[in-house]
Amino acid sequence: MRSERTLQRQERPLRLVQFTRSFHLGGTEVQVLELLRGLSPRCQLQVCVLQAGGQLLESVRELGHMPEAFPLNGSLMQANTALQVGRLARWLRRQQVELVHVHDFYSTVLAVPACRLAGVKVVVGRLDLSHWQGPARRALHTRLTALADHVVANAEAIRAQLVDEERLAPERVSVIHNGLDLARFDARAAAGPLAPLPDTRGEPCVLHVANMSHPVKRQEDLLQAVGLLKRAGTRLHALLVGDGERRPGLEQLGARLGLQDQLHFLGHRRDVPALYARASFGVLCSEAEGLSNAVMEGLAAGRAMVVTRVGGNPDLVADGRRGWVVEPRQPRQLADAFSRLLADPASCRTLGAAGRRFVQRELTLERLVQRHEALYERVLRGPSSPGACNGVQGRA
């Protein structure tokens, strides 16, 4: 029988802050929004951002949250950074916050020092392999992560980096995979596209979802693979979702490859589930990743996925089980994987169905929320707290 003291701890609200850079469209921001939707009423939630903007902000407000902003306004190496750290520390004390979960590098720069000043516990999310950081930022991120009370990674590859390279104790790192609200996902798929799609005349299509701001996404490898297939006599359309400063160069590359009628640049879209429903299969050909929401959504849509062997991609796809895993920067391997799926539609459907079952089993919103709530309880109340044994361990 639980003691009266234990029951009181369970009933006490958990005063929690979710802190992210902004609510522009992105994988991290989508996952924060899912947490805000799913966390139980026992979590007394508040939201902090560096920039109060983005396409997802209205959804946050509809949930009843008005984010508190702590703007960096440019370089970290200026007096304003210290000013915002002090502001945040005072705000945390006034709000009697118990725990802050911070989700990205820039927010970590403010949140970890502020939490130390305010005597508030902090969980740092590490959601990629720091592939975009230079040596100075990487060193700073490593140092601030080491000061956290606990660290959450969303893929085994990230956990391995934290333990093997950054020398964090294994028990201080939990792996909690991203999650999807499958009911919402299916409803969005059934609603159909929000804007017209190009006429592909019934020919097969591959869908790629990623920003066009960072070269790590390697859309050019996809374009090269489509070109290789065309030269071999196979037509495959590519639907490219995303935007950014690299888009004009990618469009020019497509023209040089003679693929103007097979490449369709769709820009930012909020109807990805409906787009996957119209694709033959999906692809993500990055040279570095965390745990990709785009791959998860492809699996949820019942589509076989072709992904590169980086980050959390192999966790999600498992070569030959839910799609195919190829090496990064290898357009020929991409083209061969596409050919295999195109040549055997039944196998393609079987792989896609296995992906859907995997999401239903491992990547639900309920599982995401359950594991985070158990972790928060364990960080705040200790190993004996209710829910602390609820699946959150060193390798949750």
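The values are calculated or read from the model by the stated rules, or taken from the named source; none is laboratory data. It should be emphasised that the depicted structure is a prediction, and the values quoted were computed from it without experimental measurement. Here Cβ is always computed from backbone atoms with ideal geometry, including for glycine, and neighbour counts include all displayed protein chains.
What the table shows:
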read-out: Filter result (under 18 Å from R349 (Cα atoms), more than 20 Å from the chain's Cα centre (by Cα) and surrounded by 11 or more Cβ atoms within 10 Å (Cβ to Cβ)) within the stretch 186-212; value: E203, P204, C205, V206
read-out: Breaking point among (1) outside the structural domain of V100 (by TED's automatic domain parsing); (2) over 30 Å from R332 (Cα atoms), for L147; value: (1)
read-out: Scope the stretch 14-31; condition under 9 Å from the mean Cα position of the chain (by Cα) and of a type in the set (A, V, I, L, M); matching residues; value: V30
read-out: Hey, E171 of a type outside the set (G, A, S), surrounded by fewer than 16 Cβ atoms within 10 Å (Cβ to Cβ) and assigned to a helix (DSSP H, G or I) or not; value: yes
read-out: Subset of the stretch 351-374 [touching a His at 6+ places or on another chain (Cβ under 7 Å) and in a helix (DSSP H, G or I)]; value: E362
